Amino acid sequence: MSRKVLIAIGLIASAAYAPPGWAKDPAGKTFITKAIQGNLAEVQMGQLAQEKSQNGDVKAFGQQLVTDHNDANTKATTVANDLGVTPPQEPSKKQQADYNKLSKLSGDAFDKQFARHMVMDHKKDISEYKADSKKKDATASYASDTLPTLQKHLEMAQSLTKSLAGK
C-alpha cells in the first residue's frame, strides 16, 4: 500500500475511535462562544442607548439590556468553563462594527436605528437559542432558560420601533 493510503486509513480509524465528547464538540462550544459574544455586545449596546438617547423608553430598554445580558453572561460563562471553552472577552467583529455604526448616530436617528437593530438581533438570537434548546448537550439548559428574556427584549424592541415610527 502506498503511504498516502496508510495515512488515510489511520485518520479514518482514529476518527472512528475518538472519545465521544470530540464528536459532539463544535455545536455546544460554538453556540456558547457566540452566546457570550452576543451578551457582551448587548451590554455595550445597552450602555450606548443610555448615553446617546434622549428618549426615556430607549434609555430604560438600554438599562434592561445591560442588567439582563450581564446576568445571562454570568450563566453562559459558567457553561463555557464547564465545557472547557475559554470565554471570549469581547463581541465579534460584526457586532463591534454594528456598535461603531450606531455610535455615530444621535437623537431620533439613533433611537430608530437602535430599536430596529434590536428587533433584528433578537429575532436572530431567539431562532438560534430555540434550535440549541432542543439539543441534548450542556448548552441546551442555558438556551432554554434564556429564551424568555430574549422574547421579552424582542417585544420591548418591537414596541419601541412602533412608538418611534411616528417621530
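Odds and ends about this structure:
- Flag if ALA97 is more than 14 Å from ALA35 (Cα to Cα), modelled with pLDDT of 95 or more, among the small types (Gly, Ala, Ser) and out of contact with any His (no Cβ under 8 Å at 6 or more places or on another chain): yes
- The residues on offer are LEU147, LEU160, and the sole one that is in contact with a Phe, Trp or Tyr (Cβ under 8 Å, 6 or more places away or on another chain), outside any loop (DSSP other than H, G, I, E, B), surrounded by 15 or more Cβ atoms within 10 Å (Cβ to Cβ) and free of Cβ contacts under 8 Å to residues at least 40 places away in the same chain is LEU147.
- Unmet requirement for SER103, which otherwise passes all of (1) within 21 Å of LYS123 (Cα to Cα); (2) surrounded by fewer than 17 Cβ atoms within 10 Å (Cβ to Cβ): (1)
- Number of positions in segment 25-82 that are hydrophobic (A, V, I, L, M, F, W, C), crowded, with 21+ Cβ neighbours inside 10 Å and over 15 Å from SER141 (Cβ atoms): 8
- Residues (more than 24 Å from LYS94 (Cα to Cα), in contact (Cβ under 8 Å) with a residue 40 or more places away in the chain and assigned to a helix (DSSP H, G or I)) located in segment 117-140: ALA138
- The one condition from (1) within 16 Å of HIS122 (Cα to Cα); (2) surrounded by 17 or more Cβ atoms within 10 Å (Cβ to Cβ); (3) under 16 Å from the mean Cα position of the chain (by Cα) that LYS94 does not meet is (2).
- Every residue from segment 10-47 that is of a type in the set (Ser, Thr, Tyr) and modelled with pLDDT of 50 or more: THR30, THR33
The values are calculated or read from the model by the stated rules, or taken from the named source; none is laboratory data. Since we're looking at a predicted model, the values are computed, not measured. All Cβ positions, even for glycine, are placed from backbone atoms using ideal geometry, and neighbour counts span all protein chains on display.
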